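A.B. asks: Okay, here's the structure, questions in a sec.
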């Protein structure tokens, strides 16, 4: 992978090795407890599928006839790392190819590529080790199949990951009923699986936007350095870029983007807000009927989301833009709730008709505008 003749821009094996070496161990459980937890999560995932499909009506009046072909995998923290490295490698391959072409034309580019690949591999591994202890579950949309982490073999149809040690850690930290909390988490993640299973074009739409974003990425070091310098001056001087929303903070990742990238990111943000908000709405909508302590879980979990785990955690969240993801949950849930209350669940499901019916970033903040555009009327 890192041979001088054909060096990768990212040493993916090193990224996995670094992350698995640095990731913190999960909570202590006996072997029998671990087996019981895995079995219960699988049972909850199956039950959540039925609850979510019935509640969302995304498969119409016959949710039982919908496909059941995407696997549910209960993984540990290193397993989550391996799955996500596979996904990153698949999605980022066009950008990596672009960087390889640029470096091949430089004197000593092959050597720089080998060294740079190792550096990038270590950096990615460090980032994944931070995230691996925080993610409770994930619908992995883009990863190719692997022997230890299979998909259904249907051309990237996705797989649902539940990170058992993280779920156990959070339920203990919050001091909530484990059975209820595990089902509650499964409801959220199963909603994501239902979204992509019921809306076949959604994966291709997201991939197209991501590839457009990567195509705009500047790989020239001097240009990137200049952009970092301008961003630093802007932040230090308290100046706000012209295309930034009033009062909306930017992460370091965002300030070095081109205007075209920020436009694409706006569309991606709207879609992700919809998906995350919809999952939160469904999780809370189904919750009262099947999760007795859902109110307590929601209150404690929201408090945990808001404050983070500590100063270092808060700093990293802001730097990486993870705070923006937390806003997506909140803004998206408000959008879904407003639309469902105004036009009903079937009226809301018009959002899945085509890419043209997805909400814009502005419509996420003003759902009445989406209702007017898609339904042709003002919400009552």
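A.B. asks: What about residue 70, is it in a loop (DSSP other than H, G, I, E, B) and modelled with pLDDT under 80?
C.D. replies: Values: in a loop (DSSP other than H, G, I, E, B): yes; modelled with pLDDT under 80: yes.
It is true that residue 70 is in a loop (DSSP other than H, G, I, E, B) and modelled with pLDDT under 80.
Per-residue answers, yes or no, for (1) under 18 Å from residue 329 (Cβ atoms); (2) surrounded by 16 or more Cβ atoms within 10 Å (Cβ to Cβ); (3) in contact with a strand residue (DSSP E or B) (Cβ under 8 Å, 6 or more places away or on another chain); (4) at pLDDT 95 or above:
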| position | (1), (2), (3), (4) |
| --- | --- |
| 145 | no, yes, no, no |
| 151 | no, yes, yes, no |
| 166 | yes, yes, no, yes |
| 178 | no, no, no, yes |
| 181 | yes, yes, no, yes |
| 188 | yes, yes, yes, no |
| 197 | no, yes, no, no |
| 201 | no, no, no, no |
| 204 | no, no, no, no |
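A.B. asks: Kindly establish whether residue 215 is modelled with pLDDT of 70 or more, over 16 Å from the mean Cα position of the chain (by Cα) and closer than 20 Å to residue 10 by Cα.
C.D. replies: So residue 215 fits the description; yes.
A.B. asks: Separate question: Which ones in the range 327-380 are over 26 Å from the mean Cα position of the chain (by Cα) and in a loop (DSSP other than H, G, I, E, B)?
C.D. replies: 376, 377, 378, 379, 380
A.B. asks: Got a number for residues in the range 176-201 being under 21 Å from residue 298 (Cβ atoms) and without any contact (Cβ under 8 Å) to a residue 24 or more places away in the chain?
C.D. replies: So the answer is 1.
A.B. asks: Same structure, new question: Out of 360, 378, report the one residue that is more than 21 Å from residue 134 (Cβ to Cβ), surrounded by fewer than 17 Cβ atoms within 10 Å (Cβ to Cβ) and at pLDDT below 70.
C.D. replies: 378
A.B. asks: Which residues, counting only those in the range 342-357, are loosely packed, with under 13 Cβ neighbours inside 10 Å and farther than 19 Å from residue 60 by Cβ?
C.D. replies: Hit for the range 342-357 is 356, nothing else.
A.B. asks: Considering each residue of the range 14-45, count those that are under 24 Å from the mean Cα position of the chain (by Cα) and exposed (fewer than 14 other Cβ atoms within 10 Å of the Cβ), and give that number.
C.D. replies: 4
The values are calculated or read from the model by the stated rules, or taken from the named source; none is laboratory data. It should be emphasised that the depicted structure is a prediction, and the values quoted were computed from it without experimental measurement. Ideal geometry is used to build each Cβ from the backbone, glycine not excepted, and the neighbour counts take in all protein chains shown.
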